[in-house]
Amino acid sequence: MDFYGNAAVAETLGGLARQERIPQTILLDGPEGIGKATLVRRFAAALLGGGEKIQQDDLSLAKNIEIVADREKWPAEKRNDDPLLFSTHPDFVTFPPDGPLRQISMPQMRVLRERAQFKPLHGTRRVFLIDHIDRANEQAANSLLKTLEEPPEHLIVFMTAENAYDLLPTIRSRSVSFHLAPLGAEEMEAFVGARGLDDTERRIALAAGSPGAAVSLDLEAWDQRRTAMLSLLGAASGVKPFADWAKHADAVAARRDKLDPYLQVLYVLLEDILLLTHGDENVRNRDIAADLRRIAAAVRFDWLRAAVKRVDELYELLRRNIQKGIALDALVVELRNLPVL
């Protein structure tokens, strides 16, 4: 299978497909954009055939992104009546996160249970992919568990997750797990070169070993968010006055983008600041290293740990659809009140 990085996992799954010695439930965990769903589609194409049809269900394709984004505007009742799935190939079904909170829903798992009983249209196998099973609520996870306890002989269920330990222990125990690690520098260079992407050095640094992140990264949008979040951290650490953040706060609140991409930028900036506090200059945002260095010199590890914890808490609150501007203002005030040195 043509796949960048994690060669041992790819070879193992390829061997299982060729030998038809396949576990019925397989969990792939690893960072976002590492290629988990891509690997499942390659596996399914090798097992079922019809690779061109299977590739049409790639969630990174523009047409599929548009479908998922459009459903965010639907009322919950309409989404529940028409659960989201992709199945261009009749024997390969993908269940992706749905709705404004991007969750795996109970209606989706109900459809999965119903369709699991259908015999393959071609061959002897069907393959289901639950992408981001770690975004399933408790009801959806328990519904899936009933299928995993006694799956039909023809069914193979793949699940992907960023962190396997976010899943119910009973789901993990019924799965054969494979961990996908970030790609090394040479692998990322080969991938980015093959894709012909621009700003290769910067994309590789920011992607942190994730091919999907390297491809999808909008550097202009990243820089806009980074400017705002750098100002936030400057004010929160006391390096700059609160008024410096206030200049950005209204603009951030007015933008239509969500809170989570800002939090992702914050995580990267905090990681860079932590490295700089330990004298490690190998940061991902090298072009603003001087600004980050000033913040690193003004804070201590306890402040950074508390800052990461606060961002973690905000990330958990994303499912409650909190207001972006209010959340970030509160974060600045909380961190500014923490002791720095």
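Nearest 10 degrees, 0 to 90: what angle lies between the long axis of helix 185-195 and the longest principal axis of the chain (Cα atoms)?
Taking Cα atoms only, the helix is inclined about 70 degrees.
On a 0 to 90 degree scale, rounded to 10, what angle separates helix 106-116 from the longest Cα axis of the chain?
30 degrees
Quick check: the distance between the Cα centres of the stretch 1-55 and the stretch 292-341, to the nearest angstrom?
That distance is 38 Å.
Given a 1.4 Å probe and every protein chain left where it sits, what share in percent of the accessible area of the stretch 96-230 is carbon and sulfur?
Roughly 47 percent of what the probe reaches on the stretch 96-230 is carbon or sulfur.
Looking at the chain, what % of its DSSP beta bridges pair antiparallel, to the nearest 5?
Within the chain, antiparallel bridges account for around 10 percent of the total.
Could you calculate the FRET efficiency of LYS119 with GLN56 from 1/(1 + (r/R0)^6), where r is the beta carbon distance between them and R0 is 30 Å, rounded to 0.05?
About 0.85, to the nearest 0.05.
Can you tell me the relative contact order of the chain? Whole percent, Cα pairs under 8 Å, sequence separation 6 or more.
17 percent
Carbon and sulfur atoms: what percent of the 1.4 Å accessible area of the stretch 274-320 do they account for?
Carbon with sulfur: 50 percent of the solvent-accessible area.
Would you indicate which of (i) 1.06; (ii) 1.00; (iii) 0.96 is the value of Rg/Rh (Cα atoms, Kirkwood Rh) derived from the coordinates of this structure?
(ii)
Quick check: the angle from helix 138-149's long axis to the longest principal axis of the chain, C-alpha only, nearest 10 degrees?
Approximately 30 degrees, to the nearest ten.
Please report the equivalent ellipsoid semi-axes of the stretch 273-341, computed as sqrt(5 x eigenvalue) of the Cα gyration tensor, largest first, in whole Å.
In descending order, the three semi-axes are 25, 14, 11 Å.
What whole-number volume per residue, in cubic angstrom, does the convex hull of the C-alpha atoms of the stretch 1-148 give?
114 Å³
Kirkwood Rh over Cα pairs of the stretch 194-308 into Stokes-Einstein at 4 °C, 1.567 mPa s: D in µm²/s?
The diffusion coefficient I find is 87 µm²/s.
Which value in deg cm²/dmol, rounded to the nearest 500, describes the helix-derived mean residue ellipticity at 222 nm for the chain, given -39,500 (n - 2.57) per DSSP H run of n ≥ 4 and division by the residue count?
Estimated from H runs of four or more residues: -17000 deg cm²/dmol.
The values are calculated or read from the model by the stated rules, or taken from the named source; none is laboratory data. What you see is a predicted model; the values in this text were computed from it and never measured. Glycine also receives a Cβ, built like all others from the backbone with ideal geometry; neighbour counts cover every protein chain displayed. Please note that ligands, DNA and RNA were not included when accessible areas were found on the heavy atoms of the full protein model with its side chains. Shrake-Rupley method; radii C 1.70, N 1.55, O 1.52, S 1.80 Å.
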